[in-house]
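Worksheet: one structure, shown below.
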Amino acid sequence: MLPALPALRDLLPRGGLARGSVLAVPEFGLLCLALAAGASAAGAWCGIAGVPEAGLAAAVGTGLDVERTLLVPDPGPAWPQVVASLLDGCELVLLRPPVTAPVLLRRRLEAVLRRAGGVLLVAGDWPGAQVHLRVITQRWTGLGDGHGRVRACCAEVTADGRGEASLTRTRWLWLPAEDGGVAVADPVDIPVTRTPPGLRAVSAG
Amino acid sequence: MRPNADSEPQRIMVVRCPPLCGPDASLAEPQAARLFERVIGAVTGFCPSVEATELGVCAFGARGPARYFGGEGVLASKIIAAVAELGVESRVGVADGLFAALLAARRADPVDPVDPVDPAGPADSAGAILVIPPGGTAGFLAAQPVSVLADQDLAGLLKRLGLGTLGDLAALPASDVASRFGDAGEAVHRLARGLDLRPLAAHPPAHDLSVAREFDPPEPLAEPVVFAAKTLAEQLHAGLAARGLTCVRVQVRVTWADGEESSRLWRHDGLLTAGGVADRVRWQLDGRRAAPPDGQHAQGGIGMLRLVPDQVVRATGHQLALWGEAVVSDRVARAAMRVQAMLGHEAVLRPVTGGGRNVSEQVSHVPFGEKREPRLAVGAPWPGRIAGAAPGVVYPAAREAEVTDDAGRLVTVTGRCVLSAAPARLVIGREPPRRITAWAGPWPLSERWWDAAAARRRARFQLATDDGRAWLAVVRDSRWLIEAGYW
């Protein structure tokens, strides 16, 4: 079990990232980086493959240690071999596959993953993933009508999956909070104005 | 036991060829330079690291070679004989410092032999060698007239002031000389006291230290090539070690029978064993199999394997990671290097956080295995840096976008940062339009205006859209670009 950030523990079965398991987030974003940050802060090496636009300054804010981060921005057509090699060295690999992996390839990589005892965090589609997480709603604070700064984001994150993760859990988080970290949002902070026509729940994470 | 480098002064041997230098040079410069190249080649046979101080004069640290050849005098005679074979006359001076050794070589003259200051000093019978014994350098220098200094104006001035010899000069307090004559005075005062201005800068020889093995007939299997690589690596290490050298990186070049070539640099730092080098050759061949160019396998097998040492440096023992730098475990290094073997050295990066005004500058990437240094200083204030949250998504290349107002007209920014209208809609590339719910800006940024190539002027905005996301947008040359996204 790799540790997760305290604010994310309620969302994950047994409060961490189970070794040998796959976690999937539909789209790359700060949630992916925050999921990796807990393990990285605890000393794990973290490989990021196929995500050239990973905002590492934000990741550092959530707790990711760049000293123990390897980036493979463009793994190319040989990405399964790259991921398998990275899993040999890194406890956690964050991957955005260039295409949805066919089922045989997924089985093979999952076998490598179990043997290596690592965690695969997929930013994209991975039907067999043990846990699926996504951001349902999010709202940035700090911006006005021509003034202000983007400060923090209140996000509703949901997690479901197979086995012990099959129970759907939903939490409101500051992702990120004003200090750049991740925190559980107070109920009073949660944007209640969900009725205005402009604000609607979107599925994209 | 090895003598302590601090307590014992350096012994410098200078070889001077009067026909090639000085006032009585008998050859034209290009011809002399060519001949001098061959002289250095001959001297390099005795000591691998020789500094050419000027045309016709070269110097090297004599302690090691002298011990090996049985004394400074013996070494000097051998060098003179070797240089004489090229048809060049030479003189040799040995002393405790470069300056004194240069003077000694100039003084060593068989036609007009001068007495060494120290009567015990063994002047060669031929007179072509002048050895100032260890500790005798101060006395030798003290007796030299100030006219030996390169700065003739200063020498003339010193003489008129009654300082006829270097000994007179050295007797003065350093601070007085410095305050009267400035830097030049301080420098000659150091010389007069037998202290050199700089250490000898001898470069390692430009020998071809690479090793190669040809496979005839071409080898279709990787295994025998990897096996041969181990032997080659042993040869490479032996060749480097024989010259007291090591390499920072080693280049592995594989040529296939059909003429295709694969070349990769691997970090070496003198730490790899022959087996380690062979492993890297294996990875390089494996990587080639995993990602063949244009989906084709090279036909005909491997024709040639070559190992080339890159950045050859003196072997001074290796340095471990500095404080604060996470020590990369073997397991991680192996994984990273296997990926490098597949995709190339530049494909595996380690991030370094640094300074900078733009989000894309604040993290730089360094290929795995190279030294990690931030490109822009972290401590500098970077005014104009956007405060607040950092974006989770930073596009390596900004994405084209369009921002329009309520009436559907493109929002423009004037040179004085006046907005044509409040932004209302954002269209990024071919994505469906998003409604802008909140925004801030424009924040002008005019960077590096002093450098036409790097100068950038733009206005930046933050836009929040109705899907709950926020964006960092810039207007440059009246075009909207999305640099980063917040989600």
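No lab work stands behind these numbers, since they all come straight from the coordinates. If you're wondering where the values come from, they're calculated on a predicted model, not measured in any experiment. Glycine also receives a Cβ, built like all others from the backbone with ideal geometry; neighbour counts cover every protein chain displayed.
Of note:
- Shielding by partners for peptide A:90-97, expressed as the average number of C-beta atoms from other protein chains within 10 Å of each residue's C-beta, is 1.
- In terms of surrounding Cβ atoms within a 10 Å radius of their Cβ, B:R434, B:R350 rank from fewest to most as B:R434, B:R350.
- Shielding by other protein chains, B:391-403, mean Cβ within 10 Å: 4
- Virtual spin-label span in nm between B:T412 and B:A84, 7 Å along Cα→Cβ: 8.8
- Order of A:C154, B:C17 - criterion: other Cβ atoms within 10 Å of each residue's Cβ, fewest first: A:C154, B:C17
- Proximity of backbone amide H atoms, modeled 1.01 Å from N, is registered between A:A152 and A:T141 at under 5 Å, excluding neighbours fewer than 5 places apart on the same chain.
- Long-range HN-HN contacts of A:F28 with modeled amide H, under 5 Å: none
- Ordering B:C21, A:C32, B:C247 by the number of other Cβ atoms within 10 Å of each residue's own Cβ, fewest first, gives B:C21, B:C247, A:C32.
- Segment B:W443-B:R456, extension gain: residue separation times 0.36 nm, minus the distance between their alpha carbons: 3.3 nm
- Start at zero, step by 10 Å, and the Cα-Cα distances of segment B:219-277 spread as 21, 51, 24, 4 percent across the bins.
- Percentage of interatomic Cα-Cα distances in segment A:33-126 larger than 19 Å: 34
- Extension gain, B:E54 to B:R385: 0.36 nm times the residue separation minus the Cα-Cα distance gives 114.0 nm.
- Each residue of segment B:364-369 was assigned a 3J(HN,Hα) from its phi angle through the Karplus curve 6.51 cos²θ - 1.76 cosθ + 1.60 (θ = phi - 60°); the sequence is 10, 10, 10, x, 4, x Hz, with glycine and proline shown as x.
- Hypothetical label at A:D74: residues of segment B:339-354 whose amide nitrogen lies under 20 Å (7 Å Cα-Cβ projection): B:339-352
- Distance (nanometres) between label positions extended 7 Å along Cα→Cβ at B:E370 and B:Y68: 3.5
- Using the Karplus relation 6.51 cos²θ - 1.76 cosθ + 1.60 with θ = phi - 60°, the per-residue 3J(HN,Hα) values for segment B:163-169 come to 9, x, 10, 4, x, 4, 5 Hz, with x marking Gly and Pro.
- Between B:E346 and A:V112, the C-beta separation translates, for a Förster distance of 41 Å, into a calculated FRET efficiency of about 0.95.
- Between the beta carbons of B:R479 and B:V313, assuming R0 = 56 Å, the FRET efficiency works out to 0.70 to the nearest 0.05.
- Listed peptides B:141-148, A:88-95, A:16-23 by packing density, highest first (mean Cβ within 10 Å): A:88-95, A:16-23, B:141-148
- Amide H contacts of B:W266 (H built 1.01 Å from N, in plane; Pro and chain starts excluded): B:V250, B:Q251, B:V252 sit under 5 Å, all sequence-distant by 5 or more or on other chains.
- Taking a point 7 Å from the Cα of B:S329 along the Cα-to-Cβ direction, the residues of segment A:87-118 with backbone N closer than 16 Å to it are A:87-93, A:115-118.
- Averaged over the residues of B:478-486, the number of partner chain Cβ atoms lying within 10 Å of the residue Cβ comes to 2.
- Across segment B:133-146, computed HN-Hα scalar couplings (Karplus, 6.51 cos²θ - 1.76 cosθ + 1.60, θ = phi - 60°) run x, x, x, x, 5, 4, x, 4, 5, 4, 7, 6, x, 5 Hz from first to last residue, x flagging Gly and Pro.
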